[in-house]
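Comments concern the structure below.
What follows is calculated from the coordinates using simple rules that are stated; it is not laboratory data. Quick caveat: nothing in here was measured; it's all calculated off a predicted structure. Methodologically, a virtual Cβ is constructed for each residue, glycine included, from the backbone with ideal geometry; neighbour enumeration extends over all protein chains shown.
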Amino acid sequence: MSVAQIIAIIGSIPLFSLRTFLPAFLTAFFLSYPEYFPGMGEVSPLPEDAFISQDWVLFLLGGLSLLEIIGDKSTEVRNLIKEAETYMKPLSFLLINLSFIDEASANILEKVQWAAFNPLWILLTVGTLAVYWLAGLRRDFISFLEDIDEDDNLFIGKITSWLEDSLVVFGFFLLIWTGILMVIIYAAVIAFLVFLGKRYDKKLEKQKVECPQCRQSNLPFAVKCVNCKHEMTHVHKIGILGQRKKALVQHVKKHRLNLLSHRRCPTCGNKLQSSKPHQQCKECGTAIFDSPPLKDFIKSQNRKFYKITIFSFFLGFVPVLGFVVSAVIANIHLFSPYRKYIPRGSSFFTKLFIKFLTFLFFLLGIALGFLAAPAYIALRYYLWKRKFIAQTTSVITS
């Protein structure tokens with residue numbers, strides 16, 4: 001086994017931890033047609049009868065890569081395959097990297113055994129386990145980003161997805177040109193992500209407030225202690241990204257409604273795991289939409305709707321930018337609080353219809369933003385509010 005082959009196998013580990021099919025397609029295409037890659041004209045391609053160089057295999061991997069790139073931009077699709085990817089990526093890594101071994105290397109490896117184990121399989125086993133671990137790390141990091149921007153209102157998910165696509169393509173070319181450098185860079189990136197995760201956990205722990213009665217640690221925006229239900233004396237406001245604000249809460253009822261709009265328990269402030277509108281908090285047992293009741297939540301959203309719609313009218317006089325800013329603000333404060341309580345998958349066609357409306361209103365907003373922005377917000381708000389009320393009604397009747 002050559003040093004180049006070892007570097008190629010190790011260097012492809014982070015690529016497969018990001019995507020399942022894109023690095024597989026790039027690898028198969030490179031092994032079949034190395035002359036299309038700058039500086040690789042002297043590399044001998046795989047034999048035409050090799051499985052991975054078959055045209056139908058390349059077309060299949062190419063099609064799956066395209067679907068993977070498109071699907072990862074959708075929050076619903078990404079959540080649907082999130083768990084399966086953790087297992088698919090190591091399998092894809094194992095199957096593709098077997099193609100790096102040429103016939104001469106295979107003959108040598110048949111004669112060289114380390115304690116009755118083929119060194120190739122030792123390396124591939126370690127690599128497969130590494131892909132599995134990194135894919136899990138990536139899944140947890142994506143989940144962390146989704147907790148910050150669950151509905152992708154600030155496009156954090158889409159930006160991250162495009163960045164991952166770019167890293168796979170860039171990393172692949174870096175791998176075939178300077179494999180050692182690529183391994184060093186990705187090792188540094190992984191170490192940085194692990195550091196960020198640990199730092200965030202420590203910061204979150206430091207922000208917790210101790211209950212004056214039972215000494216239980218609580219989230220900084222908890223209204224009552226998660227353990228003894230004692231009212232907290234210092235309650236911090238919650239930001240649009242779910243972060244703690246320095247300002248303290250002045251109106252508890254308004255704060256509880258704000259927690260509900262983030263799909264958090266209005267008592268202990270913990271994140272609600274289910275998207276069902278009627279549920280109990282698993283941390284403190286509070287019945288959601290019991291206090292404050294459902295009607296107060298809808299009234300609160302209606303008040304926001306009137307204010308934001310009027311604001312969007314004046315903001316719409318700024319060409320293009322006014323419409324975009326109005327849409328983002330409405331997405332965060334009006335639509336997202338309703339969407340958080342609608343199970344994923346049940347609103348697929350609604351979202352398709354809204355994307356179509358967004359495109360039409362954006363074209364109109366280029367010149368007539370002061371009309372397009374309020375009309376767009378009013379229509380979207382009506383659609384999501386109706387969907388939310390239908391969901392709560394169906395739960396009650398069932």
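Given a Förster radius of 30 Å and the C-beta distance between residue 203 and residue 155 as r, what FRET efficiency does 1/(1 + (r/R0)^6) yield to the nearest 0.05? After rounding to 0.05, the efficiency reads 0.80.
Rounded to the nearest 20 Debye, what is the dipole magnitude of region 227-355 about its Cα centre when Lys and Arg each give +1 and Asp and Glu each give -1 at the C-beta?
Working: 23 positive and 4 negative charges, 21 e Å.
With only Lys, Arg, Asp and Glu charged at Cβ, the dipole is about 100 debye.
For the pair residue 193 and residue 33, label points projected 7 Å from Cα toward Cβ lie 3.0 nm apart. Estimated at 0.36 nm per residue, the fully extended path between residue 50 and residue 70 surpasses their Cα-Cα distance by 4.3 nm.
Extension gain for the segment residue 287 to residue 318, taken as residue separation times 0.36 nm less the Cα-Cα distance, is 6.8 nm to one decimal.
Once R0 is set to 56 Å, what does the formula 1/(1 + (r/R0)^6) return for the Cβ-Cβ distance between residue 233 and residue 358, expressed as a FRET efficiency to the nearest 0.05? FRET efficiency, residue 233 to residue 358: 0.80.
Could you tell me the calculated FRET efficiency between residue 210 and residue 125, based on Cβ-Cβ distance and R0 = 41 angstrom, to the nearest 0.05? Please report the intermediate quantities before stating the final value.
On the way: r = 47 Å, r/R0 = 1.15.
Working from the Cβ atoms, E equals 0.30.
Please compute the length gained on full extension between residue 254 and residue 91, using 0.36 nm multiplied by the number of residues separating them and subtracting their Cα-Cα distance. Between residue 254 and residue 91, full extension yields an extra 53.7 nm. Peptides 224-236, 292-304, ordered by how many other C-beta atoms sit within 10 Å of their residues on average, highest first, read 224-236, 292-304.
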